[in-house]
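Participant: Supplied in structure tokens, the structure appears directly below.
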Amino acid sequence: MRSYRTTLTPDEMPKKWYNILPDLPEPLPPPLNPVTKEPISPSELEVIFPKALIQQEMSGERYIDIPEEILESYMLVNRPSPLQRAYRLEQALKTPAKIYYKREDLSPAGSHKANTALAQAYYNMKEGVTKLTTETGAGQWGSALSLACNYFGLTCRVFMVRASYDQKPYRREVIRLYGGEVYPSPSDLTEFGRKLLKENPAHPGSLGIAISEALELCVKDDGVKYSLGSVLNHVMLHQTVIGQETMLQFQKLGEQPDYMIGCVGGGSNFAGFTFPFIGQQLKKKTETEFIAVEPTSVPTLTGGKYEYDFGDTAGMSPMLMMYTLGHAFVPSPIHAGGLRYHGAAPTVSALAKAGIVKSVAYPQKEVFDAALLFTRAEGIIPAPEASHAIKAVVDKALEAKKANEEKVIAFNLSGHGLLDLAGYQQYLDGDMT
């Protein structure tokens, strides 16, 4: 019987996070104070984040030890996760390519997001913080942080983008089941939310707006810290357990991926999956093409400008050098709520600018076409976000078929779609554009 999965034992789980900052081709431009526009000091960030995460954000160390308590908590979310061969998808496409996918959908929280949620909750807990506030797009991050806060004994308040709050009612119930409070954003809990609702009572919201609301509550209450699900370097860092596991699994297979593919909103799952491999490639040890996939309706990497911009809509957050569509950008309410963000992580942006990461964008209907093909071939319903990666995988596999080349294609199945069935119903009924 052929083997579908390459697994690791708990002892083989990474014991350190990989920090790509010292390996970047050029130093990353520093975050700026939103008022003075001068490089922000670590002490200025202490209003928002615990000291340990600020240290990680700015660290020049290539590897950072993972505390034993976090390693133990990773077992809760099914680390290490399997690398699975997509034999039936290969057969459906009649391609000579080998297709592999990393099973981040197996986390009880539903996605890869728990890898950083548990770390962030832990460091806040260690510094005496008892309350966290955050945003969420489709709900995966809000679910993960609520799970993590419950695990480490913190309370959690989540501002969920209103379009997703309405589209995905069961994701918000997962947040509540884990003990989190969840509110549609824009909300009437904050001054900024009330201002937007006065202008447009049916405002669909955006991740930038939800971030602004979460930050407003944080800066007004000394007992509250803010937690971010993507974009910043410490978040990318925590996700690198994915790529390090994948690297060991490919070593066991005796394979080297020709393509590594992930979807990008802020960039955390793409970074976690690819950064350990990119680190090796920057040292001339591998030759892999890294492809970041985004929606055509939110073309941050494919159509944005590389410049300093705020991470939130109200202009409260530090300014970051990144590819951005502008912090006032309000995306259309596509079902891939986790990809509806105006900017890309500074580290991902820097690698894209250097040509190390390539980017491509697809319309929603084509993404769901690929998701249907994957579901019927592999029996797994993918999240709309991860389905963007699947669409790029299909394209590369068909290119390999045309050229009769046995390419190795790997992608990050960063979440399941079991709570996105309203979007799939719209697609199957022919009502999706």
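The values are calculated or read from the model by the stated rules, or taken from the named source; none is laboratory data. Predicted model, so just to flag it, every value in this text is computed and none were measured. Reconstructed Cβ throughout: ideal geometry from the backbone, glycine too, with neighbour counts over all protein chains shown.
Participant: Considering every residue within the range 130-146, establish whether at least one is under 20 Å from Ile66 (Cα atoms) and touching a helix residue (DSSP H, G or I) at 6+ places or on another chain (Cβ under 8 Å).
Facilitator: Yes, there is a match, as at least one residue in the range 130-146 is under 20 Å from Ile66 (Cα atoms) and touching a helix residue (DSSP H, G or I) at 6+ places or on another chain (Cβ under 8 Å).
Participant: Could you tell me which of the residues Gly355, Gly326, Gly338 is in contact (Cβ under 8 Å) with a residue 12 or more places away in the chain, assigned to a loop (DSSP other than H, G, I, E, B) and not polar (S, T, N, Q)? Let's see the steps before the verdict.
Facilitator: Details: Gly355 fails: in contact (Cβ under 8 Å) with a residue 12 or more places away in the chain; Gly338 fails: assigned to a loop (DSSP other than H, G, I, E, B).
None of the others qualify; the one that does is Gly326.
Participant: Would a scan of the range 329-340 turn up a residue that is at negative phi and modelled with pLDDT of 95 or more?
Facilitator: Step one: filter the range 329-340 for residues at negative phi, giving 329-340.
Applying the additional criterion that residues be modelled with pLDDT of 95 or more yields none.
Among the residues of the range 329-340, not one is at negative phi and modelled with pLDDT of 95 or more, which makes the answer no.
Participant: What are the residues in the range 292-321 that are among the charged types (D, E, K, R) and either over 15 Å from Ala345 (Cβ atoms) or in contact with a helix residue (DSSP H, G or I) (Cβ under 7 Å, 6 or more places away or on another chain) (or both), if any? Reasoning before the result, please.
Facilitator: First, pick out the residues of the range 292-321 that are among the charged types (D, E, K, R): 294, 305, 307, 309, 312.
Hits for the range 292-321 are Glu294, Lys305, Asp312.
Participant: Could you run through the range 179-225 and say how many residues are over 17 Å from Gly337 (Cβ atoms), in contact (Cβ under 8 Å) with a residue 40 or more places away in the chain and out of contact with any Asp or Glu (no Cβ under 9 Å at 6 or more places or on another chain)?
Facilitator: Going through the range 179-225 one residue at a time, the tally reaches 6.
Participant: So which residues in the range 288-302 are surrounded by fewer than 24 Cβ atoms within 10 Å (Cβ to Cβ) and over 12 Å from Ile356 (Cβ atoms), if there are any at all?
Facilitator: Thr296, Ser297, Pro299, Thr302
Participant: Next up: Please specify each residue of the range 124-169 satisfying the condition of being assigned to a strand (DSSP E or B) and either over 21 Å from the mean Cα position of the chain (by Cα) or not acidic (Asp, Glu) (or both).
Facilitator: Taking the range 124-169 and keeping what is assigned to a strand (DSSP E or B), we get 131-136, 155-161.
The answer is Lys131, Leu132, Thr133, Thr134, Thr136, Thr155, Cys156, Arg157, Val158, Phe159, Met160, Val161.
Participant: Tell me, which residue of the range 22-56 that is outside any loop (DSSP other than H, G, I, E, B) and of a type in the set (A, V, I, L, M) is surrounded by the fewest Cβ atoms within 10 Å (Cβ to Cβ)? Before the answer, list the steps.
Facilitator: Applying the first criterion (outside any loop (DSSP other than H, G, I, E, B)) to the range 22-56 yields 22-23, 32, 39, 42-47, 51-56.
From the residues that got through so far, the ones that are of a type in the set (A, V, I, L, M) too are 32, 45, 47, 52-54.
Working: Leu32: 17, Leu45: 19, Val47: 13, Ala52: 17, Leu53: 26, Ile54: 19.
The selected residue is Val47.
Participant: Now for a separate question. Tell me which residues, restricted to the range 263-307, are part of a strand (DSSP E or B) and touching a residue at least 40 places away in the same chain (Cβ under 8 Å). Explain how you work it out, then say what you get.
Facilitator: So the first thing to find is which residues in the range 263-307 are part of a strand (DSSP E or B), and the list is 263, 289-295, 305-307.
Passing the criteria: Cys263, Glu289, Phe290, Ile291, Ala292, Val293, Glu294, Pro295, Tyr306.
Participant: Still on this structure, I have one more. Go through (1) assigned to a helix (DSSP H, G or I); (2) crowded, with 18+ Cβ neighbours inside 10 Å for Leu398 and report which single condition fails.
Facilitator: (2)
Participant: Output yes when any residue across the range 401-420 is closer than 16 Å to Phe273 by Cβ, part of a loop (DSSP other than H, G, I, E, B) and among the hydroxyl-bearing types (Ser, Thr, Tyr), and no when none is.
Facilitator: Within the range 401-420 (the criterion being closer than 16 Å to Phe273 by Cβ, part of a loop (DSSP other than H, G, I, E, B) and among the hydroxyl-bearing types (Ser, Thr, Tyr)), the answer is yes, since at least one residue qualifies.
Participant: Here is a list: Ala386, Ala377, Ala403, Ala397. Which entry is closer than 20 Å to His112 by Cα and of a type in the set (A, V, I, L, M)?
Facilitator: Values: Ala377 fails: closer than 20 Å to His112 by Cα; Ala403 fails: closer than 20 Å to His112 by Cα; Ala397 fails: closer than 20 Å to His112 by Cα.
Within the list Ala386, Ala377, Ala403, Ala397, the selection yields Ala386.
Participant: Further question: Condition first: within 20 Å of the chain's Cα centre (by Cα) and either aromatic (Phe, Trp, Tyr) or within 30 Å of Lys407 (Cβ to Cβ) (or both). Now tell me which residues in the range 58-83 satisfy that.
Facilitator: Once the filter is applied, which keeps residues that are within 20 Å of the chain's Cα centre (by Cα) and either aromatic (Phe, Trp, Tyr) or within 30 Å of Lys407 (Cβ to Cβ) (or both), the range 58-83 yields Tyr74, Asn78, Arg79, Pro80, Ser81, Pro82, Leu83.
Participant: While we're on this one: Looking at the range 170-195, which of the residues that are of a type in the set (Phe, Trp, Tyr) and part of a helix (DSSP H, G or I) is surrounded by the most Cβ atoms within 10 Å (Cβ to Cβ)? Write out each step before concluding.
Facilitator: In the first step, residues of the range 170-195 are kept if they are of a type in the set (Phe, Trp, Tyr); the result is 170, 178, 183, 192.
So of that shortlist, the ones also part of a helix (DSSP H, G or I) come out as 170, 192.
Numbers: Tyr170: 13, Phe192: 20.
Among them, the one singled out is Phe192.
Participant: Identify all residues within the range 350-383 that are farther than 23 Å from Lys284 by Cβ and of a type in the set (Val, Ile, Thr); write none if there are none.
Facilitator: Hits for the range 350-383 are Val360, Val367, Thr375, Ile380, Ile381.
Participant: Do we have any residue at all in the range 278-297 that's hydrophobic (A, V, I, L, M, F, W, C), modelled with pLDDT under 95 and either out of contact with any Leu (no Cβ under 6 Å at 6 or more places or on another chain) or under 19 Å from Gly137 (Cα atoms) (or both)? Outline the logic, then answer.
Facilitator: Pass one, the range 278-297, residues hydrophobic (A, V, I, L, M, F, W, C): 278, 282, 290-293.
Of the ones still in play, those that are also modelled with pLDDT under 95 are 282.
Next, from what is left, pick out any that are either out of contact with any Leu (no Cβ under 6 Å at 6 or more places or on another chain) or under 19 Å from Gly137 (Cα atoms) (or both): 282.
Yes, the range 278-297 contains at least one residue that is hydrophobic (A, V, I, L, M, F, W, C), modelled with pLDDT under 95 and either out of contact with any Leu (no Cβ under 6 Å at 6 or more places or on another chain) or under 19 Å from Gly137 (Cα atoms) (or both).
Participant: Does Ile380 satisfy the criteria of being within 17 Å of Leu93 (Cβ to Cβ) and outside any helix (DSSP H, G or I)? Lay out the reasoning, then the answer.
Facilitator: Details: within 17 Å of Leu93 (Cβ to Cβ): yes; outside any helix (DSSP H, G or I): yes.
Criteria met by Ile380.
Participant: With the condition kept exactly as written, say whether any residue in the range 273-281 is of a type in the set (Gly, Ala, Ser) and crowded, with 23+ Cβ neighbours inside 10 Å.
Facilitator: The answer is no; no qualifying residue exists.
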